[in-house]
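Here the structure is laid out as C-alpha cells; the discussion comes afterwards.
Each reported figure results from applying straightforward, stated rules to the coordinates on display, with no laboratory input. Predicted model, so just to flag it, every value in this text is computed and none were measured. FYI the Cβ positions are ideal-geometry reconstructions off the backbone, even for glycines, and counts take in every protein chain you see.
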Amino acid sequence: MKIFLDANVLVSVLNKEYPLYTYSSRILSLASHPKFEVYTSPLCLAIAFYFAEKKHNAQLAKQKIDLLCRYIKIAPNASEGVSNTLKNKSIHDFEDGLEYYAAKTVGSMCIVTEDIKDFYFSEIEVLNCQDFFKRFLLN
C-alpha cells in the first residue's frame, strides 16, 4: 500500500511533538515494512526542515531530513502537478494542491495528515494519524 505523508506528520516526528508523535512515528516506521511504500514530497520536506530548524538548528535539521530520506520515498513535484493545481478550480490552497498531485502521481492510496479539511477536494482517501493507525495497524 502506498501512503503519502503530509508535512505536519513529518514535523511531528522530527520535533517529537506529543501526543501525535505516538502515532506519526509508528506510521513513518512503515517505510521498512514490505507491504507499505511511504512517500512525501520535496515541498513537505522543505516545510518539515523549516520547523525542525526552528526547534533545533540548521545542522541538526539537515541530519534529521537526511536520515528521513534514507527510509521514505520522494514523490515528484513536477510541472504537471503545478499545472493541475492551477487548473483545478476546487483547490484554493496551492501548497495542498501540489501535495495532492504529488501523492496522486505515485499512486498513493491515502494521504495521512492532521489537516484533513485541507484536502476537501481529494479523490484519494485522507486520514489523520490516529485514524490511519486504528484502521491499518491495530488489526
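Points worth noting:
- Where helices (runs of 4 or more DSSP H) fall wholly inside the stretch 1-99, the ranges with 3 or more residues that are more than 20 Å from residue 133 (Cα to Cα) are 42-55, 58-71, 79-87.
- Residue in the stretch 62-81 that is surrounded by 15 or more Cβ atoms within 10 Å (Cβ to Cβ), over 15 Å from residue 6 (Cα atoms) and either in contact (Cβ under 8 Å) with a residue 40 or more places away in the chain or within 12 Å of the chain's Cα centre (by Cα) (or both) present: yes
- Filter result (buried (at least 20 other Cβ atoms within 10 Å of the Cβ) and in a helix (DSSP H, G or I)) within the stretch 100-117: 100, 101, 102, 103
- Within the stretch 32-58, residues that are loosely packed, with under 13 Cβ neighbours inside 10 Å have Cβ atoms under 7 Å from residues that are in a helix (DSSP H, G or I) in these pairs: 32/71, counting only partners at least 6 apart in sequence or on another chain.
- So residue 26, is it surrounded by fewer than 18 Cβ atoms within 10 Å (Cβ to Cβ) and in contact (Cβ under 8 Å) with a residue 60 or more places away in the chain: yes
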